[in-house]
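The values are calculated or read from the model by the stated rules, or taken from the named source; none is laboratory data. Remember, predicted model here, so these are calculated numbers, not experimental data. Counting neighbours? That spans all protein chains shown, and the Cβs are built from the backbone with ideal geometry, glycine included. To get the accessible areas, we keep the full protein, side chains included, count just its heavy atoms, and leave off ligands, DNA and RNA. Shrake-Rupley method; radii C 1.70, N 1.55, O 1.52, S 1.80 Å.
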Amino acid sequence: MARQTYWKGYLKLSLVTAAVSLTPATTDSNQLRFHVLNRKTKNRVESRYFDSVTHKPIADKDQARGYPRGEDDYVILEDKELEEVGLESTKTIDIDTFVPRGSIDWIWYDKPHFLTPEDKVGTEAFCVIRESMKANDVVGIARLVLYRRERAVLLEPQGKGIILWTLHFGDEVRPPAATLDGDGKVDATVLSLMTKLVKDRTEEWQPTMVQDPIQKRLKAMIRAKQKSLVKATPPSSKRPTTKPTGNVVNIMDALKKSLAKETGRPKSH
């Protein structure tokens, strides 16, 4: 499949510059999307803005963004004013800081992108930047306007390329959840049985392990409707429910039963 470039610009480190392109590493293009329709006419429904008091439609030129400072009181911000607080250059990834690789916790990572050189002239400069980060075991920190917002980004050398991660801002990351109460001691025999259970269920990673079963069932339902043009009842996705037994269950007995089942359990593919 041909790579679809999302962004083009320049990667810059001091005086070294390379023309690069950016492509999201993940996609939701395979996800099913539905239109909102008028059930009677089958025409698509349009979304419009209306004044909450007069209930009259608002023209595009009369729409503005405002920050609430009190009840029914707003500070109006014009598009030009909002643009002025953004980056001067939205087409340059200027690396000015490096941090040790692995020093940023997973919770700060947002979306991954493939960063690749755009032409032969910039390939050498791109490779020099990539290899210098590898040699120092560091990742680069920069800023970039993506998805209509200025974002902090992390550049991580991977193989022959560089992965660019958008990062969450400081006020978007919540403090760590409190740990469970108690000293965390585990019975050695119970731990041994649980370790064996985990080992028996360990397999090589395969993308099929994270397929979306809902999408699969929806597509089957749509195909059936297309063929019959008759309302069909989707197969029930509910699993048989079991009554909760509380925390009185003997964990040793449960583990022994689980391990007994593992002998004939087929591996997932």
Which residue is nearest to the chain's Cα centre (by Cα), if the candidates are limited to the range 193-220 and must be open to solvent by 60 Å² or more (accessible area, probe 1.4 Å), among the aliphatic types (A, V, I, L, M) and over 26 Å from Leu255 (Cβ atoms)? Val210
Residues of the range 135-182 being under 19 Å from Val16 (Cα atoms) and surrounded by fewer than 13 Cβ atoms within 10 Å (Cβ to Cβ), which ones? Ala135, Asn136, Lys160
Return only the number of the condition from (1) within 30 Å of Ile163 (Cβ to Cβ); (2) modelled with pLDDT of 90 or more; (3) of a type in the set (Ser, Thr, Tyr) that Ser89 does not satisfy. (2)
Filtered residues of the range 106-126 (kept if surrounded by 14 or more Cβ atoms within 10 Å (Cβ to Cβ) and out of contact with any His (no Cβ under 9 Å at 6 or more places or on another chain)): Lys111, Pro112, His113, Phe114, Leu115, Thr116, Pro117, Glu118, Gly122, Thr123, Ala125, Phe126
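How many of the residues in the range 103-132 are charged (D, E, K, R) and either under 22 Å from Thr27 (Cβ atoms) or within 23 Å of the chain's Cα centre (by Cα) (or both)?
Taking the range 103-132 and keeping what is charged (D, E, K, R), we get 105, 110-111, 118-120, 124, 130-131.
Among the residues that remain, those that are also either under 22 Å from Thr27 (Cβ atoms) or within 23 Å of the chain's Cα centre (by Cα) (or both) are: 105, 110-111, 118.
Counting residues in the range 103-132 that are charged (D, E, K, R) and either under 22 Å from Thr27 (Cβ atoms) or within 23 Å of the chain's Cα centre (by Cα) (or both) gives 4.
Just name the residue that is modelled with the lowest pLDDT out of those in the range 5-14 that are part of a loop (DSSP other than H, G, I, E, B) and surrounded by 10 or more Cβ atoms within 10 Å (Cβ to Cβ). Full working, then the answer.
Restricting attention to the range 5-14, the residues satisfying the condition of being part of a loop (DSSP other than H, G, I, E, B) are 5-6, 14.
With the extra rule that they be surrounded by 10 or more Cβ atoms within 10 Å (Cβ to Cβ), the set shrinks to 5-6.
Values: Thr5: 68, Tyr6: 80.
Within the range 5-14, the match that is modelled with the lowest pLDDT is Thr5.
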Can you tell me how many residues within the range 15-38 are at pLDDT 90 or above and either surrounded by 10 or more Cβ atoms within 10 Å (Cβ to Cβ) or closer than 26 Å to Asp119 by Cβ (or both)? 11
If you check Ala135, Ala224, Ala178, which single one turns out to be outside any strand (DSSP E or B), at pLDDT 90 or above and farther than 24 Å from Thr26 by Cα? Ala135
Scanning for something among the charged types (D, E, K, R), within 21 Å of Ile163 (Cα to Cα) and in a helix (DSSP H, G or I), does the range 112-128 turn up at least one residue? yes
List every residue pair whose Cβ atoms sit under 9 Å apart, with the two residues 6 or more apart in sequence or on different chains, where the first one lies in the range 193-213 and is on the phi > 0 side of the Ramachandran plot and the second, anywhere, is part of a loop (DSSP other than H, G, I, E, B) and surrounded by 10 or more Cβ atoms within 10 Å (Cβ to Cβ). none
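Condition check ((1) open to solvent by less than 70 Å² (accessible area, probe 1.4 Å); (2) charged (D, E, K, R); (3) free of Cβ contacts under 8 Å to residues at least 12 places away in the same chain; (4) not in a loop (DSSP other than H, G, I, E, B)) across all residues:
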{"residue": "Lys40", "(1), (2), (3), (4)": "no, yes, yes, no"}
{"residue": "Arg48", "(1), (2), (3), (4)": "no, yes, yes, no"}
{"residue": "Ser52", "(1), (2), (3), (4)": "no, no, yes, no"}
{"residue": "His55", "(1), (2), (3), (4)": "no, no, yes, no"}
{"residue": "Lys61", "(1), (2), (3), (4)": "no, yes, yes, yes"}
{"residue": "Gly66", "(1), (2), (3), (4)": "yes, no, yes, yes"}
{"residue": "Arg69", "(1), (2), (3), (4)": "no, yes, yes, yes"}
{"residue": "Val75", "(1), (2), (3), (4)": "yes, no, yes, yes"}
{"residue": "Glu81", "(1), (2), (3), (4)": "no, yes, yes, yes"}
